[in-house]
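The values are calculated or read from the model by the stated rules, or taken from the named source; none is laboratory data. Values in this document were obtained by computation on a predicted structure and should not be read as measured data. Cβ atoms come from the backbone with ideal geometry, glycine included; neighbour counts cover every protein chain shown.
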Amino acid sequence: MRLGPALVALTLLLVLAGCGGSKTSYPKTATTIGPIGQNEEAVWVFRPAGKPKNLVVFFHGQGGPDEATPKNHLPWIRHLVKRGSVVVYPRWEVLYTQDPIPLIVSSVRVATQRVDVDGLPVLAIGYSRGGALAVEYGAVAPKHKLPVPGEIMSIFPASVGNEGHIVDLKPLDHSTQLVIQMGQADRVVGRTGARDLLHRLQKGGFPAGNVRLDFVTSRPGFVADHVAPLRTTAAAQAAFWGVADELLAELNKS
């Protein structure tokens, strides 16, 4: 049987399409996966509609069962997802956990097995004790072949995240851009956590030029206390969400 020219062209296109393999499919609407796993090793994955622009690994603070779920940060997470981020939220603690890094490594690995994030630029965001963990994660991620953050946002950090075995920050890539925020009215960690974290970075040889200190000040209608990052007012969004948006815009250009 002889094929006409148009049918030959169509057949060739189908063959070539088959040789290329199936294309990656992306959800048409934003989706939430999780919790995957149990207890401290559980993890949530939030996917945007369409092709993602970047990956955010979000580290909660030390604060009991509510903080160990995305509950307190859902408005911000949804904002990130709406702007095209895949957000991975590891639950590294339910009650006090001395060494959460192994739990974080395990849960982030599980998350990246469920959602393809290869090649995406990475921002690590951490709050309170999670602020220190975000930096420590950046130091251990290459060793464990996990997504390595190009930028880190450490919000009102504690001095140390992994308290049982202090993480050496020397492996932290010297090209990483780091923002450390301090709250004017923060009476929980104050400036102590940021100061101690800076000392650890200096000891590890991290370049001071890659660190930006951001002093969040109180103003009428906005108190820059320790729980300010959990609020959703316009002032809180400008102080925290806006900074993350700027960092992600920089990453998306790279």
How do the strands (runs of 3 or more DSSP E) wholly within region 25-79 filter down when requiring 1 or more residues that are in contact (Cβ under 8 Å) with a residue 40 or more places away in the chain, under 19 Å from I125 (Cα atoms) and under 16 Å from the mean Cα position of the chain (by Cα): which remain? 43-47, 54-59
Would you call L80 aliphatic (A, V, I, L, M) and surrounded by fewer than 23 Cβ atoms within 10 Å (Cβ to Cβ)? no
Any strands (runs of 3 or more DSSP E) falling wholly within region 138-247 and containing at least 2 residues that are over 26 Å from V108 (Cβ atoms): 177-183, 211-216
Do the conditions hold for R212, that is, is it of a type in the set (D, E, K, R) and out of contact with any helix residue (DSSP H, G or I) (no Cβ under 7 Å at 6 or more places or on another chain)? yes
Specify which of the listed residues (G164, G193, G242) is more than 27 Å from K82 (Cα to Cα) and either among the aliphatic types (A, V, I, L, M) or surrounded by fewer than 19 Cβ atoms within 10 Å (Cβ to Cβ) (or both). G164
What is the number of the single condition among (1) modelled with pLDDT of 95 or more; (2) surrounded by fewer than 19 Cβ atoms within 10 Å (Cβ to Cβ); (3) among the polar types (S, T, N, Q) that T176 does not meet? (2)
Going through region 93-142 in order, the residues found to be of a type in the set (G, A, S), touching an Asp or Glu at 6+ places or on another chain (Cβ under 9 Å) and surrounded by fewer than 20 Cβ atoms within 10 Å (Cβ to Cβ) are S106
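Residues are listed down the side, and each one gets a yes or a no for (1) among the basic types (K, R); (2) free of Cβ contacts under 8 Å to residues at least 60 places away in the same chain:
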{"position": "P171", "(1), (2)": "no, yes"}
{"position": "L178", "(1), (2)": "no, yes"}
{"position": "A185", "(1), (2)": "no, yes"}
{"position": "G221", "(1), (2)": "no, yes"}
{"position": "A234", "(1), (2)": "no, yes"}
{"position": "V243", "(1), (2)": "no, no"}
{"position": "K253", "(1), (2)": "yes, yes"}
For region 30-48, which positions are among the small types (G, A, S) and more than 14 Å from V115 (Cβ to Cβ)? G37, A42
Write out, first by first residue and then by second, each pair whose Cβ atoms fall under 7 Å of each other, whose residues are 6+ apart or on separate chains, and whose first residue, in region 94-122, is within 26 Å of I166 (Cβ to Cβ) and touching a residue at least 12 places away in the same chain (Cβ under 8 Å) while the second is surrounded by 14 or more Cβ atoms within 10 Å (Cβ to Cβ) and of a type in the set (F, W, Y). P100/W92; L103/W92; I104/W92; I104/Y137
Counting only residues that are surrounded by fewer than 20 Cβ atoms within 10 Å (Cβ to Cβ) and under 18 Å from A244 (Cβ atoms), which one in region 53-73 is modelled with the highest pLDDT? K53
